[in-house]
1. Students often get this wrong, so try it: which of (i) 57, 54, 47; (ii) 81, 76, 67; (iii) 90, 55, 35 is Cα extents along the principal axes in Å as calculated from the structure shown?
2. Just the number please: accessible area per residue for the chain, 1.4 Å probe, all protein chains included, in Å².
3. Translational diffusion coefficient of segment 207-302 at 25 °C, 0.890 mPa s, Stokes-Einstein with Kirkwood Rh over Cα pairs, in µm²/s as a whole number.
4. Can you find, among Phe390, Tyr215, Leu87, the residue farthest towards the positive end of the dipole of the chain? Put +1 on the C-beta of Lys and Arg, -1 on that of Asp and Glu.
5. With only Lys, Arg, Asp and Glu charged, each at its Cβ (+1 for the first two, -1 for the last two), find how big the charge dipole of the chain is about the Cα centre; round to the nearest 20 debye.
6. Of Val403, Tyr274, Ala45, whose Cα points farthest to the positive end of the dipole of the chain (charges on the beta-carbon: +1 Lys, Arg; -1 Asp, Glu; origin at the Cα centre)?
7. Bins of 10 Å, beginning at zero and ending with the bin holding the largest distance: percent of Cα pairs per bin for segment 193-241, please.
8. Note down the relative contact order for segment 50-122 as a percent, whole number, built from C-alpha pairs under 8 angstrom at least six residues apart.
Amino acid sequence: MLSRVPSRIPFDLVSPFIAVGLGLGLAVGGCGGGESASTSVADSAGVMVVSSTAPRWRGGPGWRLTERPEVEIGGESAPEEYQVYQLASVLKLEDGLIIVGNRGTHEVRYYDADGRFQKAVGREGGGPGEFGTLWSIRRFGPDSLLIWDPRNYRYAVFDLDGNFGRHFKFQGDSVGSVFFPGIDPVVFADRTFLGMAGIDWMSLPSGVVRETANYYRFDPSGGLLSHAIAAPFREMKRLHFDGPRAVQAPVVFGKETHMAAGDTVFWVGAADDYVLRQYRSDGRLLREIRLLGFEPTPVAAAMVEAEVQRRLDAAGTMGQMGQGAADANRKNLETMPVAEVLPPYRDILLDAEGNLWVESYPPPGEERAEWNVFDREGAWLGTLRLPPRFELHEVGADYVLGVWLSDLDVEVVRLYGLIKA
């Protein structure tokens, strides 16, 4: 199971992509709901290429959620221990415990399978078990949690009962590279994980850039093991000022790379087109899936206005800048280059059974959330529509877990049952 960092955070970081040539292959048919779904499979130099033109669920109900959430944590009138805000990650353990990374209070909170508060661990600070910023939580082997704290620039390891174990940092290479997880932390079942080498922004020219980033694999104590993959970073606008000062900000609707980790593999989507690639943990390319016939949505002026306001609101909510910086941010956003079309997807994640979920990029201002689901082999199963204003964090065998925003923008953790026809 995999949880993820919420996407409502401005100036987020991203991940990798490698281009691979394709070969022709044998077309095979997949069936669902009494109708034929077109899926072709090719072997290109040992890489399986799976292309889909229609979903297997199109003639039947496919999968769906329960009409009402089965568990709900939070709300406007909830007691203090149930009020959650600036959520980092939400995940569920095998025994039913729901773990909530509550960035707003620098706490990791534990709730039982029915949503009843059990305890909270952590607080703001730089000491053992404390957090400068509780950014993300991932499973770290069968018995631990791995928490990224960028303000203290370190990882924290807790056991599943909430007991603090240790801190560690990335250990750089001989030339002193700076590493960080990126927006989609990738942690494997053997406790190795990926880290991204920092980009030398000062050496890049002004204008729109999408620099290549390098990802490396690290051991459970942060020791550098080997290079994994190279990838294009997010499309950014780079601005230079007088002297050594410079700043970069994401292009409006620019391309960015997303990652999702399984036990021994990870998926990468660079959003250049509707293509996603599966890699082994050591960086070997295994599989590629393509959704054929996809037509991107053209960007309209109203979308740009809505997106600029979203970024400004998110930056203010996160408390990332003072008034002067906020004014400069607004001016920069209003003159930011804008992509001609929306990206093909906004996020990806792997569920408990190895299916790949890919979130369609919603037009700004619309509250719909649609996810295309691909099976373990890469065939397109179909599209699942989630409740409006619901952000997906984790998918189990029979549930989905995430964060819903009320009409007052109050965050509420919700768990829905997942019904598979």
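The values are calculated or read from the model by the stated rules, or taken from the named source; none is laboratory data. Everything quoted here is computed from the prediction, not taken from an experiment. No Cβ is skipped: glycine too gets one built from the backbone with ideal geometry, and neighbour counts run over all protein chains shown. Surface areas here come from the heavy atoms of the whole protein model, side chains and all, with no ligands, DNA or RNA. Shrake-Rupley method; radii C 1.70, N 1.55, O 1.52, S 1.80 Å.
1. So the calculated entry is the one marked (i).
2. Values: 17970 Å² over 421 residues.
With all protein chains present, the chain gives 43 Å² per residue.
3. Numbers: Rh = 15.9 Å.
Rounded to a whole number, D works out at 155 µm²/s.
4. Among Phe390, Tyr215, Leu87, the one farthest towards the positive end of the dipole of the chain is Tyr215.
5. Working: 42 positive and 56 negative charges, 149 e Å.
Charge dipole of the chain: 720 debye, to the nearest 20.
6. Towards the positive end, the residue furthest out is Ala45.
7. Result, from short to long distances: 25, 41, 24, 10, 0 percent.
8. Details: 91 pairs, mean separation 13.8, N = 73.
Reported as a whole number, the value is 19 percent.
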